[in-house]
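The values are calculated or read from the model by the stated rules, or taken from the named source; none is laboratory data. Nothing here was measured: the structure is a model prediction, and the numbers come from that model. Backbone-built Cβ (ideal geometry, glycine too); neighbour counts: all protein chains shown.
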Amino acid sequence: MILIKNVLVATDFSEPSEAALNYGRELARTFNATLHLLHIADDVVLQSYGIEGYTAVLPELQQEIEQAARGQLDRLLTEEDRTRLRATRVVITGVAKAATIVQYAGCHRIDLIVMGTHGRGAVTQLLMGSVAERVVRTAPCPVLTVHHPEREFVVQDSLVAVARA
């Protein structure tokens, strides 16, 4: 028997992340698990290290970025998510996105990570790497990667009822 109590969906607000959220949402419902919706916000202070004259505005800019991300996470959670699921939304500021996802998974006893993958070409993959690939290699739990567009296994309940009739 598979026991899943905590499902983590890591999102960068892209279409593959939306597809991953559909899978994560359904898995959380199926297993009556807590859904953790995580976004890693870019750290503007670390990214702008050495830029003179901007250090005074960076804390406010960072707060605005994090607040905007929380708003986007709120919009991703449906009313049904809020009533039927134990859903939590988390924004963490960081540069090493894969390491931050893996660390969150370890600290919060995540049983399954669901995330989108952008399907980059071989050259881009070689030069830049992939957050999803690094998470798969280092995560303390199974990782489900979702491509977009892909075959949709997740369908609305009303469509399932029609198909069975």
List the pairs whose first member sits in region 25-36 and is under 9 Å from residue 86 (Cβ atoms), whose second member is small (Gly, Ala, Ser), and whose Cβ atoms are under 9 Å apart, counting only residues at least 6 apart or on separate chains?
28/87; 34/28; 34/87; 35/24; 35/28; 35/87
Tell me which residues, restricted to region 6-33, are of a type in the set (Lys, Arg) and either at pLDDT 95 or above or within 21 Å of residue 92 (Cβ to Cβ) (or both).
25
Log entry, pairs with first residue in region 129-150 being among the acidic types (Asp, Glu), second being not in a loop (DSSP other than H, G, I, E, B), beta carbons closer than 9 Å, six or more apart or on different chains, reads 133/98; 133/117; 133/125; 133/145; 150/16; 150/19
Scan region 1-44 residue by residue and report those that are in contact with an Asp or Glu (Cβ under 9 Å, 6 or more places away or on another chain), small (Gly, Ala, Ser) and part of a strand (DSSP E or B).
41
May I ask you to list pairs of residues, at least six apart or on different chains, whose Cβ atoms are under 6 Å apart, with the first in region 80-101 being within 15 Å of residue 32 (Cβ to Cβ) and crowded, with 18+ Cβ neighbours inside 10 Å and the second being of a type in the set (Lys, Arg) and modelled with pLDDT under 90?
none
Quick one: in region 108-165, which of the residues that are within 23 Å of residue 5 (Cα to Cα), assigned to a helix (DSSP H, G or I) and not hydrophobic (A, V, I, L, M, F, W, C) is modelled with the lowest pLDDT?
157
Just checking, how many residues over region 81-107 are part of a strand (DSSP E or B) and under 30 Å from residue 60 (Cβ atoms)?
7
